[in-house]
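Below is one structure, written out as structure tokens, with a few remarks after it.
The values are calculated or read from the model by the stated rules, or taken from the named source; none is laboratory data. Predicted, not measured: the structure shown is a model, and the values here were computed from it. Using ideal geometry, Cβ is built from the backbone for each residue, glycine included, and neighbour counts are taken over all protein chains shown. Areas reflect the complete protein model, heavy atoms only, side chains present, ligands, DNA and RNA absent. Shrake-Rupley method; radii C 1.70, N 1.55, O 1.52, S 1.80 Å.
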Amino acid sequence: MPVEEVTLTARFKVDLIDVDESAISEIYRLFGEYKGIVDELLSLAVDRHITSFVELYHARYHELRKRYPTLPSHYIFTACRCAVGIYRSFMELKRIGMCGRDRPTFKGRAIWLDDHLFRLDAESWRVLIAVHGGKWVTLRLLQGKYHDRFKNMRPGEAQLVLRDDGLYLNVSFSHMVMLPEISVDAKVIAVDVNENVITYGNNYFIERFETNEGVIRTKYFLKRRRIQSKVCSKELRAKLLAKYRGREWRRIREIYYRAAREIIGKALEVGATVIVMEDLRHLNKDDKGSEELNGRLRRWSYRKFQNVLEYQAKLHGLNVRYVSPKNTSKTCPVCGGELDPSPNGRRLRKCQKCGLEEDRDVIAVKNLTKRYYEECMNVNAS
Ligand SMILES: [Zn+2]
């Protein structure tokens, strides 16, 4: 059985009442300096188009080290990773047309901590944070029953996050899971995501989960447009836009989690061991895998959903396999013939060769299932 590492993030609120002044001022000093360092690295990355951590690190590490001699060096290390991460996701958003800004920005609300910069004591739920001059600051974490499950997991990295309502520590814990083999005999569930519905199943059953994601996105899109045209103050506008963007994403994420729970529940019920999804890296611009609405947005969203489902599936001992989505909505899953739009309904497709008529989402699910077995056979044959 293959063993895989899955990471889970736990969020803790830091107790700021029962803590001494000097500890807090050390932490605020870190936030200020860290922002300065990331900002500098980020603009260097943009100016020289540096997308590699190693390159950015070599370009500025020694200089920063000299300028911040008492700051633990690993802060510079994680700042490089942070800057590269921000720059890369900025480029990705830019590429798919979802970012209007010219340059990426760092808000300075988070500090990335690697295992040299924090020590977690899960018995007393206290964390030590490395600060200037080789010293450590102790913070108490507020915790509840939810956090107990992390006690036996290994903490990896963490982020210290400053929010309007306080200071938080997000810790990623890793956890080893045993996953079933990907094999030709495995029972699978294929998942297809559309604007408003997630369709899943295999050759024996098909289920639908209404997400209404498209409806929600349209609603927020209109809301943002109203804000842009009605609110004059630039500051207030940015604040409102960020607020609604956050709200929209939280709402959609909550739906994704519900959908993932339902799919996993069904998989366990029918004894499926592998979840099959489209490998979106295979999609290129001229592949009309998603002719409906905004394909770019759909793909971006789909990838977010895939992350949620993959992670939840692995936690429940299900394997995840990505298959090529090429022509899954254009080919007949029965005979391989070409599909045409059907005169009997907008979402229906009809096979020219064998006459099969089916909903396009159902066709996609059946094709993904079929492709899983084909790809398994190919691996076995070679
Ligand atoms: Zn056919």
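Selection over the stretch 150-186 of residues that are in a strand (DSSP E or B) and of a type in the set (Asp, Glu) gives a count of 1. Of the strands (runs of 3 or more DSSP E) entirely within the stretch 187-237, those holding at least 1 residues that are at pLDDT 95 or above and on the phi > 0 side of the Ramachandran plot occupy 197-201.
Screening ILE275, ILE363 for residues that are within 24 Å of ASN196 (Cβ to Cβ) and either within 16 Å of the ligand (Cβ to nearest atom) or at pLDDT below 95 (or both) leaves exactly one candidate, ILE363. Of the residues making up the stretch 1-58, those that are of a type in the set (Val, Ile, Thr), more than 30 Å from PRO180 (Cα to Cα) and within 27 Å of the chain's Cα centre (by Cα) are VAL14, ILE37, VAL38, VAL46, ILE50, THR51, VAL54. Taken over the stretch 1-34, the criterion of being part of a helix (DSSP H, G or I) and under 18 Å from THR138 (Cβ atoms) is satisfied by GLU21, SER22, ALA23, ILE24, SER25, GLU26, ILE27, TYR28, ARG29, LEU30, PHE31. Restricted to the stretch 316-351, and to residues that are part of a strand (DSSP E or B) and basic (Lys, Arg), which residue is surrounded by the most Cβ atoms within 10 Å (Cβ to Cβ)? Residue satisfying both the conditions and the ranking: ARG349. Beta carbons closer than 6 Å, at least 6 apart along the sequence or on distinct chains, pair a first residue in the stretch 350-362 that is within 15 Å of ASN203 (Cβ to Cβ) with a second that is within 10 Å of the ligand (Cβ to nearest atom) and of a type outside the set (Gly, Ala, Ser) for LEU356/CYS332; LEU356/VAL334. Name the single residue, out of those in the stretch 125-145 being more than 21 Å from TYR68 (Cα to Cα) and without any contact (Cβ under 8 Å) to a residue 12 or more places away in the chain, that is least open to solvent (accessible area, probe 1.4 Å). That would be GLY144. Does the stretch 136-149 contain at least one residue that is at pLDDT 90 or above, assigned to a helix (DSSP H, G or I) and more than 27 Å from PHE221 (Cβ to Cβ)? Within the stretch 136-149, not a single residue is at pLDDT 90 or above, assigned to a helix (DSSP H, G or I) and more than 27 Å from PHE221 (Cβ to Cβ).
Under 8 Å between Cβ atoms, which residue pairs at least 6 apart in sequence (or on different chains) link something in the stretch 160-175 that is open to solvent by less than 10 Å² (accessible area, probe 1.4 Å) with a partner that is in a strand (DSSP E or B) and among the polar types (S, T, N, Q)? Final answer for the pair search is LEU169/GLN159; VAL171/THR9; PHE173/THR7; PHE173/THR9. So, of the residues in the stretch 55-88 that are among the charged types (D, E, K, R) and touching a residue at least 24 places away in the same chain (Cβ under 8 Å), which turns out to be most open to solvent (accessible area, probe 1.4 Å)? The residue in question is ARG88.
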